[in-house]
Amino acid sequence: MLLTILFVHGPTIIDNKLNLFLRHLGLELGGAGVTLAIETVNLTKRYGRLTAVDKLNLNVSANTVHGFLGPNGAGKTTTIKVLVGLLKPDEGVARIFGEEVSGDKPDVRLRIGYMPELPKFPKHLKGWELLDIYGRMYGLSQQQRRDQLPKLFELVGLKGREKDLIGKYSKGMQQRLGIAQALLNEPELVILDEPSLGLDPVGMVEVRELIKGVAKEGMTVFLSSHLLFEVQQVCSHVTIINKGVALVSDTIENVSHKMKGPATLQIEVTKLSDVIIKNLRKLPFVTDVKTENNKLNITIETRDDVRPQVSETITNSGGTIVSMNLVGQSLEDVFVQLVGKAEQEGGQKQ
């Protein structure tokens, strides 16, 4: 019965849907188990004497929203162009769901939806005309395009604007149209290169919410950005890259916790006393205690969770805690620290 369905409706769309379903069961067509959505091994790309990507080892797990974070010129777009087959690496290998992307691999590319940085669409076309053209390029039948386009326009928030000329779209609307184009072939992996670039704050929020919606559809999202706040708001995992080299790659929470540096416990008590302050300062991991009315800002030099010890100390000192909040390093702190360290080490080598 399954083979009959594949034959009647065409292999590409059905296989993609089936793969999305099987991945939830820990399976995948053509494989014994779930593979990494993206894997690069010593990936290197040069432009003359400039090494844009330098022995990059990247692992992106399926069903995650993975941020690819770095300053302008870090090698993000070059890496993405290799992943989608637009550039050939000088060294190393890139794989999408376990299959190499180099060479003529249309089956691999059909598993990817890609929106380039600042997509340029013909202004004389209407929104639906553009997606219809892309749908034909993907090999979708007329009926498939009729079914797919209304769903996409609704998903990206352009319902009712399908017949408007693209030239009348705002930047935010054009970015959303670009994301719709990337979703047209129902990919398993969606690669977005700087999707919020050039947008005003409202447009950035709209695109951010759209990316969250795409992830809820069961697709892996690989998001390139130089905007720290965007990555922190949207992504579960992050790879920080600078000058073509991956500096760190992990969950956002783990990346923050791995870095050295103080954290702050913000505590409010019903009544602050000298005894509480004195006993807190005796704790071995406390380096500073600042007060304001009934609030405490305690600087701690440890990555262990010391909230129980602090809570016990305050209680034993006669205090009652109203609220407690642990503030660690932000992704921005980590980013600045890592890039600064890499720049310093690079200067020393020269």
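The values are calculated or read from the model by the stated rules, or taken from the named source; none is laboratory data. Treat the numbers as computed from the prediction; the structure is a model and nothing was measured. No Cβ is skipped: glycine too gets one built from the backbone with ideal geometry, and neighbour counts run over all protein chains shown.
Here are a few things to note about the model shown:
- Inspection of the stretch 148-156 finds no residue satisfying the criterion of being over 30 Å from Glu39 (Cβ atoms), in a loop (DSSP other than H, G, I, E, B) and out of contact with any Gly (no Cβ under 7 Å at 6 or more places or on another chain).
- Of all the listed residues (Thr51, Thr44, Thr78), the sole one being more than 23 Å from Asn185 (Cβ to Cβ), in a helix (DSSP H, G or I) and in contact (Cβ under 8 Å) with a residue 12 or more places away in the chain is Thr78.
- Filter pass, Thr251 being of a type in the set (S, T, N, Q), surrounded by fewer than 20 Cβ atoms within 10 Å (Cβ to Cβ) and more than 15 Å from the chain's Cα centre (by Cα): no
- Long-range neighbours under 9 Å by Cβ, at least six apart or interchain, first residue more than 25 Å from Phe97 (Cα to Cα) and assigned by TED's automatic domain parsing to the domain that holds Glu117 within the stretch 196-220, second in a helix (DSSP H, G or I) and basic (Lys, Arg): Ser196/Arg208; Gly198/Lys171; Leu199/Lys171; Asp200/Lys171; Gly203/Lys171; Gly203/Arg176; Glu206/Arg176; Val207/Arg176
- Residue pairs whose Cβ atoms lie under 6 Å apart, separated by 6 or more positions or on different chains, with the first residue in the stretch 161-183 and at pLDDT below 95 and the second of a type in the set (Asp, Glu) and not in a loop (DSSP other than H, G, I, E, B), are Gly172/Glu206.
- Close Cβ contacts (under 8 Å, 6 or more residues apart or on different chains) running from residues in the stretch 308-324 that are within 11 Å of Leu272 (Cα to Cα) to residues that are small (Gly, Ala, Ser) comprise Ser317/Ser273; Gly318/Ser273; Gly319/Ser273; Ile321/Ser311.
- Some residue of the stretch 144-158 being basic (Lys, Arg), at pLDDT 95 or above, touching a Leu at 6+ places or on another chain (Cβ under 9 Å) and more than 30 Å from Thr79 (Cα to Cα): no
- Here Arg23 clears all of (1) modelled with pLDDT under 90; (2) loosely packed, with under 14 Cβ neighbours inside 10 Å; (3) not polar (S, T, N, Q) except the condition numbered (2).
- Screening Glu230 on (1) at pLDDT 95 or above; (2) closer than 24 Å to Pro71 by Cα; (3) of a type in the set (Asp, Glu) shows it passes everything except condition (1).
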